[in-house]
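A short write-up of the structure that comes next.
The values are calculated or read from the model by the stated rules, or taken from the named source; none is laboratory data. Bear in mind the structure is a predicted one, so any value in this text is a computation, not a measurement. Heads up, the Cβs are rebuilt from the backbone with ideal geometry, glycines too, and the neighbour counts pull from every protein chain shown. We work out accessible area using only protein heavy atoms, side chains counted, and drop any ligands, DNA or RNA first. Shrake-Rupley method; radii C 1.70, N 1.55, O 1.52, S 1.80 Å.
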Amino acid sequence: MPRTIAEQTEHELGGPGSVLVRQRKDHEELDHLLHELDATTGRAQEEVLTRIDRLVFSHAFAEETVLWPVIRRVLPDGDELTRRIEAEHQEVNELVAALEEGGPDHPERPVRLARLVEVLQEDVRDEEDLLLPRLQERLDAAELRRLGRRWELVRRVAPTRPHPTVSRRPPGNALSGLPLSLLDRSRDAVDAVVRRVPVVAPAGQVVSRGLAAVAGLVERTPPARRGDGPPTAR
Ligand SMILES: [Fe+2]
């Protein structure tokens, strides 16, 4: 049984810059944010949720386009292992989309939030205890650092919002990644202004909804859905 990456030293994980070190760092940040989410309500909780979204969607997009294809290439059971993680990511996409659509007063909000926390925690455990230690057995430190750089580059330009209809596998996610990222990041910028400058809020909200509608169209184009299969296809 390979050792969880949670308990290894940075050196054992391939040194700073290794994909395993970078993964664990993000997972730790997520853990802090999930605790904060639990300790807040109302407007403050909304803001923590936004920070969680920005972290997890770009993180997962880069996994699905860069890391999981490598895992499928180097591990005989890579397909099955990554399928399990992709199903968790799909559920996160659907839960966050439902939370956004439902707004702060939806009766199902507490149940959806609780489930979101649960799935995100399960996802981290599956990656750190099952998937990433198996990848570690197949790659040397230099390869882990190379993969770390590639993952980081993609993560920085990845979409930052839920897109439940997009394929969880290439080529659909890779093809739609750039337009969705531009739309998501424009919306992030508009929403940040709306929060800071209440007087422009009505106009800002119209722009934000417009960008969301365009993203919805991109998400539903046939190229964006290519590569998906059960259980993550919608
Ligand atoms: Fe991860």
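Out of all the residues in region 83-91, is one or more loosely packed, with under 14 Cβ neighbours inside 10 Å, within 13 Å of the ligand (Cβ to nearest atom) and within 21 Å of D129 (Cβ to Cβ)?
Among the residues of region 83-91, not one is loosely packed, with under 14 Cβ neighbours inside 10 Å, within 13 Å of the ligand (Cβ to nearest atom) and within 21 Å of D129 (Cβ to Cβ), which makes the answer no.
Among the aliphatic types (A, V, I, L, M) and open to solvent by 30 Å² or more (accessible area, probe 1.4 Å): does that describe A224?
No; evaluated as a whole, the condition is false for this residue.
Go through (1) touching a helix residue (DSSP H, G or I) at 6+ places or on another chain (Cβ under 7 Å); (2) basic (K, R); (3) part of a helix (DSSP H, G or I) for R43 and report which single condition fails.
All conditions are met except number (1).
What is the one condition in (1) within 16 Å of the ligand (Cβ to nearest atom); (2) surrounded by fewer than 14 Cβ atoms within 10 Å (Cβ to Cβ) that V21 does not satisfy?
Status for V21: all satisfied but (2).
Give the residues of region 53-90 that are among the charged types (D, E, K, R), more than 21 Å from R156 (Cα to Cα) and in contact with an Asp or Glu (Cβ under 9 Å, 6 or more places away or on another chain), sorted by residue number.
Across region 53-90, the qualifying residues are R72, R84, E88.
Of all residues in region 95-114, which are in a helix (DSSP H, G or I) and free of Cβ contacts under 8 Å to residues at least 24 places away in the same chain?
The answer is A98, E101, G102, R109, P110, V111, R112, A114.
Would you mind stating whether L67 is within 13 Å of the ligand (Cβ to nearest atom), touching a residue at least 12 places away in the same chain (Cβ under 8 Å), open to solvent by less than 20 Å² (accessible area, probe 1.4 Å) and not acidic (D, E)?
yes
Determine which single condition R161 fails, assuming it passes every other condition in (1) within 16 Å of the ligand (Cβ to nearest atom); (2) modelled with pLDDT of 95 or more; (3) within 29 Å of R225 (Cβ to Cβ).
Unmet condition: (1).
Go through P198, P164, P202, P171 for me and flag whichever is in contact with a helix residue (DSSP H, G or I) (Cβ under 6 Å, 6 or more places away or on another chain) and not assigned by TED's automatic domain parsing to the domain that holds R51.
It is P164.
Might you let me know whether region 26-40 holds any residue that is within 13 Å of the ligand (Cβ to nearest atom), open to solvent by less than 20 Å² (accessible area, probe 1.4 Å), at pLDDT 95 or above and farther than 23 Å from D140 by Cβ?
The answer is yes; a qualifying residue exists.
May I ask you to say which residue of S186, S176 is farther than 19 Å from R51 by Cα, in contact with a helix residue (DSSP H, G or I) (Cβ under 9 Å, 6 or more places away or on another chain) and outside the structural domain of D79 (by TED's automatic domain parsing)?
Of S186, S176, the one residue that is farther than 19 Å from R51 by Cα, in contact with a helix residue (DSSP H, G or I) (Cβ under 9 Å, 6 or more places away or on another chain) and outside the structural domain of D79 (by TED's automatic domain parsing) is S176.
Testing L180 on (1) at pLDDT below 95; (2) open to solvent by 20 Å² or more (accessible area, probe 1.4 Å), one condition comes back false. Which one is that?
With (1) at pLDDT below 95; (2) open to solvent by 20 Å² or more (accessible area, probe 1.4 Å) applied to L180, the lone miss is (2).
With respect to D123, determine if the residue is within 15 Å of the ligand (Cβ to nearest atom), open to solvent by less than 30 Å² (accessible area, probe 1.4 Å) and either assigned to a helix (DSSP H, G or I) or assigned by TED's automatic domain parsing to the domain that holds S58 (or both).
So D123 fits the description; yes.
Residue by residue through region 45-59, note down the ones that are open to solvent by less than 30 Å² (accessible area, probe 1.4 Å) and within 16 Å of the ligand (Cβ to nearest atom).
Selection gives I52, D53, L55, V56, F57, S58, H59.
Output yes when any residue across region 151-166 is crowded, with 16+ Cβ neighbours inside 10 Å, assigned to a helix (DSSP H, G or I) and of a type in the set (S, T, N, Q), and no when none is.
No, region 151-166 contains no residue that is crowded, with 16+ Cβ neighbours inside 10 Å, assigned to a helix (DSSP H, G or I) and of a type in the set (S, T, N, Q).
Of these, L211, L153, which one is more than 11 Å from F61 (Cα to Cα) and in the same structural domain as E88 (by TED's automatic domain parsing)?
One residue alone meets the criteria, L153.
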